[in-house]
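Have a look at the structure below, then the notes.
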Amino acid sequence: MNCYSVKLNGNIAVDDTILVKDVEATAGSKMLEGFKPLFSAEAVTRLENKGYKVAGKTHVGEFGLDLVGEFSHYAEKEDTLKGAAASLVAEGEVKAALGVDMNGSCRRAAALSGVDFLKATYGTVSRYGVISCAASGEQMGVYAKNAQGVKEIIEVIAGEDDKDGTCLKNQTYDYTIGDVQGKKVCIVKELLQKCDDAVKANVTAYADKLRKCGVEVEEISFDIFDTANTAWQILMTAETCNNVSRYDGVKYGHRAKQYKNIDELYVNSRTEGFNFLTKAVIMYGSDVLSKNRYADCYDKSLKVRRVIADKFAELMANYDAVLTPVCSKTAYERYDIKDAFVKVFEESVFTSLSNLIGTPAFVSGGVQLLGKAFGEATLLSLANAVERMGE
């Protein structure tokens, strides 16, 4: 089931990069058309064991590489772009949804649809049962209408899982929503300069609401987001290139009908099975992993990851959260897929840092709150305080 509609008696939607037993899972790609897994993702199993029902699967852009899901092989094309899972939550069709945030698409979708989304600290939620592309930075997260709804679901799915080697061991997590009086939040002016006036106004309005809740908010200069974005895009494309190499028409994936030899089978299967954006990511990833480029690109990006993590930790020693935009504009219009690689790169400047260093990010009210590792409770509390003002 690969659709927007869900059964009315269900209450959780799952995006199509997450496995549900015996339900088609394609990651939005023709390459995986017809694939039905024999098991469910660990997060799905934990929800079902607690009495939640999976109502259906939602479209994602092929392997989660686009802005908000616009280049799914299966979705009907629309004039505007918002994201399937986020739209279902916004419309009240489901209580919550699970999504895999690899390059910011889930957070962008949440912002554009006016719902909440939490990308948790890397390693706190099992990735077992995720169709993986960029394993070192992708993380399952939760869509819900408000912070309380996100808290309810993340408390179920977070925790150690022996089936996932990236899942943290012997850790317990606190998602308690508490008082925000006296908390300190900063706004990064370099990111505001990359947005249109409507987004700037939204961030400013959210900051004013935080101040009314007793939060200290100030604007700072912290120009590391462009560097973080470049480093993450290099690592993400390299890891994606490596991970999708398994889809060759022999071991896995779509198999071309016309070929004369094994080389043609590989080429024709991948040509037919992947869209233009995925092919562009594979080509770029191949380049940064090549012998002549590895040291200057991939290896250097790994070193940059550590520097960025240290710089961000220094910042968070003085603040409880960073308030940033999620997108450069309040709505996206449909565009040609040949422009996607550049468009996604430009928009990912707001989201890549969190993927690069594994820290949590929370979207609420169309803005983003970035926190320190395991700082989800603070982000939930800040968002909840603002949301309660509107009650």
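With point charges of +1 on the Cβ of Lys and Arg and -1 on the Cβ of Asp and Glu, referenced to the Cα centre of the chain, which listed residue (Val54, Pro360, Ser328) lies farthest in the positive direction of the dipole? In the chain, that residue is Val54.
Across the range 215-223, rounded Karplus estimates of 3J(HN,Hα) from the backbone phi angles (6.51 cos²θ - 1.76 cosθ + 1.60, θ = phi - 60°) give 8, 7, 10, 9, 8, 9, 9, 8, 8 Hz, Gly and Pro being marked x.
With only Cα atoms counted, the range 299-366 has Rg and Dmax values of 14.6, 43 Å.
Put in line by how crowded their Cβ is, counting other Cβ atoms within 10 Å and starting with the fewest, Ile131, Ile220 read Ile220, Ile131.
Once C-alpha pairs closer than 8 Å and six or more residues apart are averaged by separation and normalised to the residue number of the chain, the relative contact order reads 21 percent.
Convex hull volume of the C-alpha atoms in the range 59-105, normalised per residue: 76 Å³. Relative to the Cα centre, the charge distribution of the range 334-391, modelled as +1 at Lys and Arg Cβ and -1 at Asp and Glu Cβ, gives a dipole magnitude of about 80 debye.
Annotation: peptides 304-310, 232-238, 104-110, ranked by per-residue average of other Cβ atoms within 10 Å with the highest first, follow the order 104-110, 232-238, 304-310.
Take the Cα radius of gyration of the range 187-290 and divide it by 2.2 N^0.38 Å, N being the number of residues; the result is 1.73. Over the chain, dividing the summed -39,500 (n - 2.57) contributions of all DSSP H runs of at least 4 residues by the number of residues returns a 222 nm mean residue ellipticity of -11500 deg cm²/dmol. Within the listed set Gly358, Gly61, Gly249, the Gaussian network model of the chain (springs between alpha-carbon atoms below 10 Å) gives the highest mean-square fluctuation for Gly249. Between Leu379, Leu38, Leu47, the residue with the greatest mean-square fluctuation in the GNM of the chain (Cα pairs under 10 Å linked by springs) is Leu38.
Each of the peptides 330-339, 87-96, 22-31 was scored by the mean count of other Cβ atoms within 10 Å over its residues; in descending order, highest first, they stand as 22-31, 87-96, 330-339.
Shape annotation for the range 43-134: C-alpha extents along the principal axes are 39, 31, 23 Å, from largest to smallest.
Pick out which of Lys82, Lys257, Lys372 has the largest mean-square fluctuation in a Gaussian network model of the chain, springs linking Cα atoms closer than 10 Å. Per the Cα network of the chain with a 10 Å cutoff, Lys257 tops the list. The equivalent ellipsoid that matches the C-alpha gyration tensor of the range 53-191 spans semi-axes of 24, 20, 16 angstrom, in descending order. Measuring against 24 Å, Cα to Cα, the residue pairs Lys50/Lys145; Lys82/Lys303; Lys57/Lys82; Lys82/Lys200; Lys36/Lys82 contain Lys82/Lys303; Lys36/Lys82 as the ones spanning a longer distance. P(r) tail for the chain: Cα pairs beyond 41 Å make up 9% of the total. Of Asp15, Asp287, the sequence from fewest to most neighbouring Cβ atoms within 10 angstrom is Asp287, Asp15.
In the range 22-88, the alpha-carbon atoms span a convex hull of 99 Å³ per residue. Placing unit charges on the Cβ atoms only, positive for Lys and Arg and negative for Asp and Glu, gives the range 75-179 a dipole magnitude near 180 debye about its Cα centre. About its Cα centre, the dipole of the range 191-288 is roughly 620 debye, where the only charges are +1 on Lys and Arg Cβ and -1 on Asp and Glu Cβ.
FYI, it's all coordinate maths here, none of it is from the lab. Predicted, not measured: the structure shown is a model, and the values here were computed from it. We place every Cβ from the backbone using ideal geometry, glycine too, and count neighbours over all the protein chains shown.
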